[in-house]
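What follows is one structure encoded as structure tokens, with my remarks underneath.
The values are calculated or read from the model by the stated rules, or taken from the named source; none is laboratory data. Predicted, not measured: the structure shown is a model, and the values here were computed from it. Using ideal geometry, Cβ is built from the backbone for each residue, glycine included, and neighbour counts are taken over all protein chains shown. Heavy atoms of the whole protein, side chains included, go into the accessibility calculation; ligands, DNA and RNA do not. Shrake-Rupley method; radii C 1.70, N 1.55, O 1.52, S 1.80 Å.
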Amino acid sequence: MKPLKRPARRALLVVHVAVSVSWLGLTLGLLTLGITAYTTGDSSLTEASYRAMKVFADWLLAPVVVITLVSGLVLSLGTPWGLTRYHWVWIKFWITLVTGAATVFALRPGIAQAADSGGVPDISLVAAPSVATSAYLFMTVISVLKPWGLTRRGRRVRAASAGRRAGRRAGREAAEKRLVPTA
């Protein structure tokens, strides 16, 4: 992919960070509602919590997942970070893909089923948002710290790039020597 120009890269980075933080916040909200629904003794509060979770799941989860995945993918492919050059980027991609699929294909249907159950507590609606929140916090940490360095492919790309730069530098130096008269 062609490198992104600075304004496009910055705008996309803002979108990616905003929607990723939204996903984390949304999951914390789902976790709070799930804990409330599971721990209360009031079946009407349990049912209300699950219905509130359903509103968030129906309207926000899928768009947030898709925008996070697409913006992260475009950013990785349109910047020097690359998708497969650095371990932290590659790991974030796979965690986003797996948690996004689990959110859309498992969590959303589970929330819909709980909302229709009439106030029966469901521990899976505490467990799933707990795991998701942990995953998103982990991705936030590695986005800030950028641990583990280059992948094997990243080292090859860097070495090839360094070789090309050295070749160009040697070519310029040879050309300069031909232009300088000898005494």
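Is there any pair with a first residue in the stretch 25-41 that is more than 25 Å from residue 140 (Cβ to Cβ) and a second that is surrounded by fewer than 15 Cβ atoms within 10 Å (Cβ to Cβ) whose Cβ atoms are under 9 Å apart and which are 6 or more apart or on different chains, and what are they?
37/45; 38/123
Which residue is farthest from residue 122 (Cα to Cα), if the candidates are limited to the stretch 42-62 and must be free of Cβ contacts under 8 Å to residues at least 60 places away in the same chain and open to solvent by less than 60 Å² (accessible area, probe 1.4 Å)?
Taking the candidates together, the pick is 62.
Could you pull out the residue among 11, 102, 18 that is open to solvent by 40 Å² or more (accessible area, probe 1.4 Å), under 15 Å from residue 139 (Cα atoms), at pLDDT 95 or above and outside any loop (DSSP other than H, G, I, E, B)?
Going through 11, 102, 18 in turn, just one is open to solvent by 40 Å² or more (accessible area, probe 1.4 Å), under 15 Å from residue 139 (Cα atoms), at pLDDT 95 or above and outside any loop (DSSP other than H, G, I, E, B): 18.
Pairs under 9 Å by beta carbon, first residue under 16 Å from residue 80 (Cα atoms) in the stretch 158-170, partner open to solvent by less than 100 Å² (accessible area, probe 1.4 Å), six or more apart or different chains?
158/85; 158/150
Can you work out which of the residues in the stretch 105-144 that are over 19 Å from residue 35 (Cβ atoms) and of a type in the set (Val, Ile, Thr) is least open to solvent (accessible area, probe 1.4 Å)?
Only one residue tops the list, namely 142.
For the stretch 63-93, give me the residue count where each residue is open to solvent by less than 50 Å² (accessible area, probe 1.4 Å) and of a type outside the set (D, E, K, R).
Counting residues in the stretch 63-93 that are open to solvent by less than 50 Å² (accessible area, probe 1.4 Å) and of a type outside the set (D, E, K, R) gives 18.
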